[in-house]
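Asker: Pasting in a structure now, in structure tokens, and then I'll have a few things to ask.
The values are calculated or read from the model by the stated rules, or taken from the named source; none is laboratory data. What you see is a predicted model, and the numbers here were worked out from it, not measured in a lab. Quick reminder, even Gly has a Cβ in these numbers, built from the backbone with ideal geometry, and neighbours come from all protein chains shown.
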Amino acid sequence: MICDLYDATALVVDGNPTSRSILVAQLRDLGARSVAQAPRIADARRQLEFRTFDVVVCEQNFPNDSGTGQELLDDLRRAGLLPFATVFIMVTAEASYARVAEAAESALDSYLLKPFTANELATRIAQARHRKTVLKDIFAAVEAQDFERAAQLCLQRFHSRGDYWLYAARVGAELLLRLHRYDEAQRLYEAVVQAKALPWARLGVARAQLDAGQAQKASVTLQALLDADPQYADAYDVMGRAQIELGNFDAALAAYKIATDLTPYSISRLQRHGMLAHYCGQRELAEQLLARSVRLGLDSKMFDAQTLVLLGFMRLEAGDRKGLQRCWDDALRILERHPKSQRLQRLAQVLEIAALLLEAQVARVLQGLRAMMATILEEGFDFEAACNLATLLAHTAARAIQIDEVEERLTLLGRRFCTTKALTALLAQAAAAHPPYAERLASLHHEVLGIVERAMRLALAGQPRAAVLELLAQGEATCNTKIIESAWGALKRYEARIEDAAELAPRIQALRTRYQSWANRPVIGDKAARQSGGVSLRVMDVKSVEGD
């Protein structure tokens, strides 16, 4: 297989100047038009975030630097920053072979064991480029956002055992997950496990179970995987998600801690761990982790501005004006780069109100809070926004600032977002600065459950249409995803006994689409960020920073 890099661009990431210069020379001999260099992980991250390369050759170990090549690849995958066409070759010593092989496979690329020759480098690049050429129809369908066709092509290649069928299976299963076809995704992952018990496939089974709402099953699957492979950082990420859904926040923190310890320079893991620590009331740990993520990645595309909001709340609690102002200034700089992002606008607004609150500018605080409270039922107002608003309201009340309509607005907030025990606990903890608010939010979960239970009693009493109508009315009034999904479930179950089911279905489906009620999961941080354990599907992964 011939490796022709004529007119290609390449990046060499290596802390050793001698080996870096050798790699640069080898790539130029293979025909690369330009070869950029990065002696440090941070330099590489910066270049890869803002430039596209045909080939990246990256050393795994950086003894005098913060991080590893694997952590760089992991973060780039998680942020959806590697185009399909880019070939990423990891260079590693024998000792870290297993972990690097897994990291390379998850990005559909390759790895090289040291020492290697120029011919071996050329062969690896040629193989990777050939693989991407063979799978080009799949990648083209994904790039065209024809995800159904892409999934079908993957399944065809898997079942026919065509070239690179394992890679096709991995992409196909990932697509099925994104298309909310969880049972099909799980079956595909299980078929791969039967053919070849690969860690990513076993993790995929757990991800499919988790996305299908089977958190307990997922945790059992994950524990078995971690017993066999206790160094698998992605599995701890997913275990953390499962434990959050189960309401086991201490267990989730423990899982996130292990993932962070395994990859101490991963910006995304530091943020996720720190955010959960904050919501669990562990302020000292949260501040340590979130401040570290700011130092490591404030200018990175992988940085989540919610980190600045939570740090800002801590500065508010401590009465640290300069620290809070710094958080606000940093958020505004990020917003300048993405001025159309509604999410970043909301986060900057939260920090502005916090700063005004610390300065005791009561009139402007009330004005900002009332504007924010007016948006509670809007489609773009999500759980993250609810937590931030609850925190601001609690700090305002703690300073004895009265808002006439706050009880009614707080109730509206809780009725919309108290959908599960876990989400209710997180929302209540967000209001911990004023215990009466936290208690009120916690109580609203029972109110939501009562609405669903009363409707179900109607159905059991032979009035399924009345049950669906009651749930639909409450869903429209509260925008609560549990109530909306209960309405849909009741309609499907009793469809044959409801005369106008065909007319009711579009009304409920419109609510499901608007509020994405089928995907109602506890999410820490940016909900648009790609979850751990999957393949990078760039079109589906890129964060919608220009919209929301």
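Asker: Just to check your reading of the model, which residue among GLY204, GLY247, GLY213, GLY172 is part of a loop (DSSP other than H, G, I, E, B) and farther than 24 Å from GLY274 by Cβ?
Answerer: Unique residue meeting the criteria: GLY213.
Asker: Restricting the search to segment 379-415, which residues are crowded, with 20+ Cβ neighbours inside 10 Å and outside any helix (DSSP H, G or I)?
Answerer: Scanning segment 379-415 gives a single hit, PHE381.
Asker: When you go through (1) exposed (fewer than 14 other Cβ atoms within 10 Å of the Cβ); (2) modelled with pLDDT of 95 or more one by one for ARG337, which number turns out not to apply?
Answerer: (2)
Asker: Taking LEU472 as meeting all but one of (1) of a type outside the set (Lys, Arg); (2) free of Cβ contacts under 8 Å to residues at least 40 places away in the same chain; (3) in a loop (DSSP other than H, G, I, E, B), write down the number of the exception.
Answerer: (3)
Asker: Looking at (1) modelled with pLDDT under 85; (2) outside any loop (DSSP other than H, G, I, E, B), which one does GLN152 not meet, given that it meets all the others?
Answerer: (1)
Asker: So for segment 447-456 (the condition being assigned to a helix (DSSP H, G or I) and either touching a residue at least 40 places away in the same chain (Cβ under 8 Å) or over 30 Å from ASN248 (Cα atoms) (or both)), does at least one residue qualify?
Answerer: Within segment 447-456, not a single residue is assigned to a helix (DSSP H, G or I) and either touching a residue at least 40 places away in the same chain (Cβ under 8 Å) or over 30 Å from ASN248 (Cα atoms) (or both).
Asker: Of all residues in segment 475-518, how many are acidic (Asp, Glu), assigned to a helix (DSSP H, G or I) and touching a residue at least 12 places away in the same chain (Cβ under 8 Å)?
Answerer: Residues flagged as acidic (Asp, Glu), assigned to a helix (DSSP H, G or I) and touching a residue at least 12 places away in the same chain (Cβ under 8 Å) within segment 475-518 amount to 2.
Asker: Okay, moving on. For segment 216-244, enumerate the residues that are assigned to a helix (DSSP H, G or I) and among the charged types (D, E, K, R).
Answerer: Listed by number, the residues that qualify are LYS217, ASP227, ASP234, ASP237, ARG241.
Asker: Does any residue of segment 425-442 turn out to be crowded, with 21+ Cβ neighbours inside 10 Å, more than 27 Å from GLN306 (Cα to Cα) and free of Cβ contacts under 8 Å to residues at least 40 places away in the same chain?
Answerer: Checking segment 425-442: not a single residue is crowded, with 21+ Cβ neighbours inside 10 Å, more than 27 Å from GLN306 (Cα to Cα) and free of Cβ contacts under 8 Å to residues at least 40 places away in the same chain.
Asker: Can you say whether ARG241 is within 23 Å of ALA208 (Cα to Cα), touching a residue at least 12 places away in the same chain (Cβ under 8 Å) and not aromatic (Phe, Trp, Tyr), as far as the supplied structure shows?
Answerer: So ARG241 fits the description; yes.
Asker: All but one of (1) closer than 30 Å to GLN145 by Cβ; (2) at pLDDT 75 or above; (3) touching an Asp or Glu at 6+ places or on another chain (Cβ under 7 Å) hold for VAL91; state the number of the condition that does not hold.
Answerer: Going through the list (1) closer than 30 Å to GLN145 by Cβ; (2) at pLDDT 75 or above; (3) touching an Asp or Glu at 6+ places or on another chain (Cβ under 7 Å), VAL91 breaks only (1).
Asker: Which members of segment 351-384 meet the condition of being at pLDDT 95 or above and under 19 Å from GLU408 (Cβ atoms)?
Answerer: If the condition is that a residue be at pLDDT 95 or above and under 19 Å from GLU408 (Cβ atoms), then VAL365, LEU366, GLN367, GLY368, LEU369, ARG370, ALA371, MET372, MET373, ALA374, THR375, ILE376 are the ones that fit.
Asker: Do you know which residues across segment 48-73 are more than 22 Å from TYR6 (Cβ to Cβ) and surrounded by fewer than 23 Cβ atoms within 10 Å (Cβ to Cβ)?
Answerer: Selection gives GLU49, PHE50, ASN61, PHE62, PRO63, ASN64, ASP65, SER66, GLY67.
Asker: Taking the residues in segment 110-120 that are under 17 Å from GLY69 (Cα atoms) and aliphatic (A, V, I, L, M) as candidates, determine which candidate is nearest to the chain's Cα centre (by Cα).
Answerer: Here the residue is LEU112.
Asker: Any chance segment 375-392 includes a residue that's of a type in the set (Phe, Trp, Tyr) and either within 29 Å of LEU449 (Cα to Cα) or under 23 Å from the mean Cα position of the chain (by Cα) (or both)?
Answerer: yes
Residues are listed down the side, and each one gets a yes or a no for (1) modelled with pLDDT of 90 or more; (2) of a type in the set (Lys, Arg); (3) at positive phi; (4) assigned to a loop (DSSP other than H, G, I, E, B):
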{"position": "TYR6", "(1), (2), (3), (4)": "no, no, no, yes"}
{"position": "VAL12", "(1), (2), (3), (4)": "yes, no, no, no"}
{"position": "ILE22", "(1), (2), (3), (4)": "yes, no, no, no"}
{"position": "VAL35", "(1), (2), (3), (4)": "yes, no, no, no"}
{"position": "ASP43", "(1), (2), (3), (4)": "yes, no, no, no"}
{"position": "ASN61", "(1), (2), (3), (4)": "no, no, no, yes"}
{"position": "GLY67", "(1), (2), (3), (4)": "no, no, yes, yes"}
{"position": "LEU76", "(1), (2), (3), (4)": "no, no, no, no"}
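Asker: List the residue pairs whose Cβ atoms are under 8 Å apart, where the first residue sits in segment 154-166 and is closer than 12 Å to ILE138 by Cα, the second is of a type in the set (Asp, Glu) and surrounded by fewer than 18 Cβ atoms within 10 Å (Cβ to Cβ), and the two are 6 or more positions apart or on different chains.
Answerer: As it stands, the answer is ARG157/ASP163, since those pairs meet every condition given.
Asker: Is one or more of the residues making up segment 365-378 small (Gly, Ala, Ser), in a helix (DSSP H, G or I) and crowded, with 16+ Cβ neighbours inside 10 Å?
Answerer: Yes, because at least one residue in segment 365-378 is small (Gly, Ala, Ser), in a helix (DSSP H, G or I) and crowded, with 16+ Cβ neighbours inside 10 Å.
Asker: Looking only at segment 314-333, which residues are over 21 Å from ALA433 (Cβ atoms) and surrounded by 20 or more Cβ atoms within 10 Å (Cβ to Cβ)?
Answerer: Answer for segment 314-333, where residues must be over 21 Å from ALA433 (Cβ atoms) and surrounded by 20 or more Cβ atoms within 10 Å (Cβ to Cβ): just ASP330.
Asker: Would you be able to tell me the number of residues in segment 254-282 that are surrounded by fewer than 21 Cβ atoms within 10 Å (Cβ to Cβ), farther than 24 Å from PRO63 by Cβ and aliphatic (A, V, I, L, M)?
Answerer: Of the residues in segment 254-282, 1 are surrounded by fewer than 21 Cβ atoms within 10 Å (Cβ to Cβ), farther than 24 Å from PRO63 by Cβ and aliphatic (A, V, I, L, M).
Asker: Another question, then. Only one of these conditions is not met by ASP234: (1) within 26 Å of ARG295 (Cα to Cα); (2) among the charged types (D, E, K, R); (3) at pLDDT 95 or above. Which number is it?
Answerer: (3)
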